[in-house]
Amino acid sequence: SFIGGDHPVTKIETDVKNGKKLVIIKESYGNAFATWAVNNYETVYTVDPREFNGFGGKTESFDLKAFYEETKFDDLIIITYPVSTISEGIRNSISKMTD
């Protein structure tokens, strides 16, 4: 509900004019955090690892290094519900982002 639900990748452009870009790798739990980030970054990207890299049979891949080359983001935050850290699927998806 905070950012319109879960989407594979979301780009939020704000009125903050500091040139800073943030990537948040998150599941639903991180949606509320993204609303804080819009006060501090000009551009905020959210990436849901549940939509990529084999999670739940998803075939689309997400390469964090390529995304950096495209966007030149400044900061990266991985935020997840603590219980999600035991999810092998989420751990594998995030790990494959940097292969």
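The values are calculated or read from the model by the stated rules, or taken from the named source; none is laboratory data. This one's a predicted model, so the numbers in the text were calculated from it and none came from an experiment. Ideal geometry is used to build each Cβ from the backbone, glycine not excepted, and the neighbour counts take in all protein chains shown. The accessibility values were calculated without ligands, DNA or RNA, using every heavy atom of the protein model including side chains. Shrake-Rupley method; radii C 1.70, N 1.55, O 1.52, S 1.80 Å.
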I'm trying to understand the selection: among the residues of segment 72-99, which are without any contact (Cβ under 8 Å) to a residue 40 or more places away in the chain, of a type in the set (D, E, K, R) and not in a loop (DSSP other than H, G, I, E, B)?
88, 91
Considering only residues that are touching a residue at least 12 places away in the same chain (Cβ under 8 Å), out of contact with any Pro (no Cβ under 9 Å at 6 or more places or on another chain), surrounded by fewer than 18 Cβ atoms within 10 Å (Cβ to Cβ) and within 21 Å of residue 82 (Cβ to Cβ), which ones fall in segment 23-52?
28, 32, 33, 35
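This table checks each residue for (1) under 11 Å from residue 78 (Cα atoms); (2) in a strand (DSSP E or B).
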site: 12; (1), (2): no, yes
site: 23; (1), (2): yes, yes
site: 40; (1), (2): no, no
site: 44; (1), (2): no, yes
Please go through (1) of a type outside the set (Val, Ile, Thr); (2) over 22 Å from residue 16 (Cα atoms); (3) modelled with pLDDT of 90 or more; (4) assigned to a loop (DSSP other than H, G, I, E, B) for residue 69 and return the number of the only condition it doesn't satisfy.
(4)
Hey, could you check segment 56-68 for residues that are of a type outside the set (Asp, Glu) and in contact with a Lys or Arg (Cβ under 9 Å, 6 or more places away or on another chain) and say which is surrounded by the most Cβ atoms within 10 Å (Cβ to Cβ)?
62
Sort out which residues of segment 69-94 are open to solvent by 60 Å² or more (accessible area, probe 1.4 Å) and farther than 22 Å from residue 15 by Cα, and write them in order of number.
69, 78, 81, 82, 83, 85, 86, 88, 91, 92
